[in-house]
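Heads up: the structure comes next, in structure tokens.
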Amino acid sequence: MFSILRNARTFAQRTPARSFHSNRILNQEKMKASILAILYNGFKAAEEEPRLLGTVENREWLISQGHEFIVSSSKEGPDSDFQKHITDAEILITTPFHPGYLTADLFEKAKKLKLCVTAGVGSDHIDLNAAVKHKVQVLEVSGSNVVSVAEHVIMSMLLLVRNFVPAHEVIERGDWQVSDIARNAFDLEGKVVGTIGAGRIGYRVLQRLVPFDCKELLYYDYAALPQAATDAVKARRVEDLKEFVSQCDVVTINCPLHEGTKGLVNEELLSHFKKGAWLVNTARGAICDKDAVAKALKSGHLSGYAGDVWNVQPAPKDHVWRTMKNPLGGGNGMVPHYSGTTLDAQARYANGVKSILENYFDNKPQEPQNIIVGLGKYETKAYGQR
Ligand code: NAD
């Protein structure tokens with residue numbers, strides 16, 4: 001597993017959770033909040049690149065708020081900083097890129113918790129039903145990284161369809177066997193491409209596909225797009241998921257992870273995919289059945305699978321998605337979870353977190369689109385039809 005995890009732990013041991021006040025005088029009772037932030041370690045990269053705001057090291061944007069913060073990357077097990085300090089935290093800041101999993105059990109211990117803020121988009125690492133039950137609000141910075149992800153989706157489709165990764169590997173090996181690559185390389189033009197989920201990211205993917213002259217653009221979502229939006233990209237809605245996947249050459253997943261989408265792409269659904277289809281998932285790893293995907297790729301039923309999200313993060317070293325291949329030795333476009341944490345995206349979600357905290361402390365209303373769970377109820381329809 002566990003080299004990434006071991007590094008994180010080692011770092012956490014070397015530099016234990018940091019607790020600090022800014023030197024601003026906390027003169028208002030309401031400001032004396034205990035804030036716990038679980039972020040990822042940046043190590044040397046964070047020292048060299050101050051715009052890596054999502055890291056434990058470059059946390060000044062948090063401190064400047066004038067509150068007491070505990071910032072750590074240590075998140076697994078009862079001795080982690082996350083589990084030790086959640087009992088006293090009023091506010092929890094987490095990021096999907098290094099998710100602190102706030103389970104229903106941990107909610108029982110988090111008696112002082114009032115607000116969870118996701119630095120990014122996607123709050124499935126928080127047990128949202130438990131948040132409703134305990135009247136803990138959950139907010140994310142909606143829209144902050146949706147272009148970053150949509151661009152990554154387009155790139156992933158192209159690298160699968162055009163057989164890019166094996167082609168690059170040929171070059172690195174010092175070889176030049178064009179036919180080995182070209183035998184499995186195609187154009188995106190003329191293909192049927194569909195998105196499961198046509199929200200902020202899914203729709204932006206459709207928009208970016210328009211100039212590629214695909215045969216057809218499809219979407220599957222329980223919320224219909226407005227007519228003008230559908231017309232603008234000439235997309236067709238398919239209401240039955242099996243029918244939808246059976247028509248697509250390329251499927252991209254852009255819906256949140258919730259009870260209705262966990263394991264949605266399983267062996268049964270994969271059997272309805274076109275033989276040789278490509279699948280791109282930058283939404284959440286657990287939407288796809290890990291072993292069913294690996295099996296479909298190995299048999300050639302899927303020609304390729306790409307994405308940046310994993311069912312557990314950091315992904316274990318022996319995770320089958322790291323090395324799985326199609327029968328021709330390609331078809332794997334997996335990377336660590338980073339599509340939504342480009343430097344451009346980090347600036348946007350850091351600013352978004354700051355304004356959520358300011359609103360909270362100043363008793364101002366939050367931006368409605370950022371509220372996933374309000375006081376005791378879901379405020380969004382994106383996390384399941386309720
Ligand atoms: P959004 O809320 O704008 O859109 C989500 C859409 O999914 C909605 O239209 C909703 O109706 C639809 N949906 C929900 N359940 C569905 C289901 N069962 N079947 C079909 N459609 C369903 O969210 P968004 O900003 O587009 O983000 C979508 C997801 O992408 C996030 O929840 C997150 O998990 C993921 N994401 C990943 C990264 C990354 O870095 N890889 C970054 C941002 C977001």
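Pairing residues of the range 339-360 that are under 18 Å from L113 (Cα atoms) with residues that are assigned to a helix (DSSP H, G or I) and modelled with pLDDT of 95 or more, at Cβ distances under 7 Å and at least 6 apart in sequence or on separate chains, gives I356/N370.
When you look at T87, is it out of contact with any Lys or Arg (no Cβ under 9 Å at 6 or more places or on another chain), β-branched (V, I, T) and at negative phi, yes or no?
Working: out of contact with any Lys or Arg (no Cβ under 9 Å at 6 or more places or on another chain): no; β-branched (V, I, T): yes; at negative phi: yes.
In short, no.
Filtered by the rule that a residue be within 17 Å of L209 (Cβ to Cβ) and more than 13 Å from the ligand (Cβ to nearest atom), the range 242-290 gives Q247, C248, D249, V250, A277, W278, L279. Where strands (runs of 3 or more DSSP E) fall entirely within the range 32-124, those with at least 1 residues that are within 16 Å of the ligand (Cβ to nearest atom), of a type in the set (S, T, Y) and under 21 Å from the mean Cα position of the chain (by Cα) are at 91-94, 115-118.
Pairing each residue of the range 203-228 that is part of a strand (DSSP E or B) with any residue that is aromatic (F, W, Y), provided the two are 6+ apart or on different chains, yields C-beta distances under 6 Å for Y220/F244. Would you check if there is a residue in the range 267-282 being closer than 24 Å to Y222 by Cα, polar (S, T, N, Q) and out of contact with any strand residue (DSSP E or B) (no Cβ under 7 Å at 6 or more places or on another chain)? Looking for residues that are closer than 24 Å to Y222 by Cα, polar (S, T, N, Q) and out of contact with any strand residue (DSSP E or B) (no Cβ under 7 Å at 6 or more places or on another chain), one finds at least one in the range 267-282, hence yes. Annotation note: Cβ proximity below 7 Å between a residue of the range 301-328 that is closer than 16 Å to G263 by Cβ and a residue that is among the polar types (S, T, N, Q) and in a loop (DSSP other than H, G, I, E, B) (sequence gap 6+ or interchain) occurs for G307/T282; V309/T282.
Does K275 qualify as being closer than 21 Å to G190 by Cα and either modelled with pLDDT of 95 or more or in contact with a Lys or Arg (Cβ under 6 Å, 6 or more places away or on another chain) (or both)? In short, yes. Selection within the range 55-78: residues that are at pLDDT below 80, out of contact with any strand residue (DSSP E or B) (no Cβ under 9 Å at 6 or more places or on another chain) and farther than 20 Å from T341 by Cβ. The member of this set that is surrounded by the most Cβ atoms within 10 Å (Cβ to Cβ) is G66.
Within the range 197-232, restricting attention to residues that are surrounded by fewer than 21 Cβ atoms within 10 Å (Cβ to Cβ) and among the hydroxyl-bearing types (S, T, Y), the residue that is farthest from Y383 (Cα to Cα) is T230.
Residues are listed down the side, and each one gets a yes or a no for (1) away from the ligand (no atom under 16 Å from the Cβ); (2) in contact (Cβ under 8 Å) with a residue 40 or more places away in the chain; (3) closer than 26 Å to G300 by Cα:
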{"position": "A130", "(1), (2), (3)": "yes, no, no"}
{"position": "S144", "(1), (2), (3)": "no, yes, no"}
{"position": "V165", "(1), (2), (3)": "yes, yes, yes"}
{"position": "G174", "(1), (2), (3)": "yes, no, no"}
{"position": "D187", "(1), (2), (3)": "yes, no, yes"}
{"position": "G190", "(1), (2), (3)": "yes, no, yes"}
{"position": "G194", "(1), (2), (3)": "no, yes, yes"}
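The values are calculated or read from the model by the stated rules, or taken from the named source; none is laboratory data. Source: prediction; values computed, not measured. Virtual Cβ from ideal backbone geometry, glycine too; neighbours counted across all protein chains shown.
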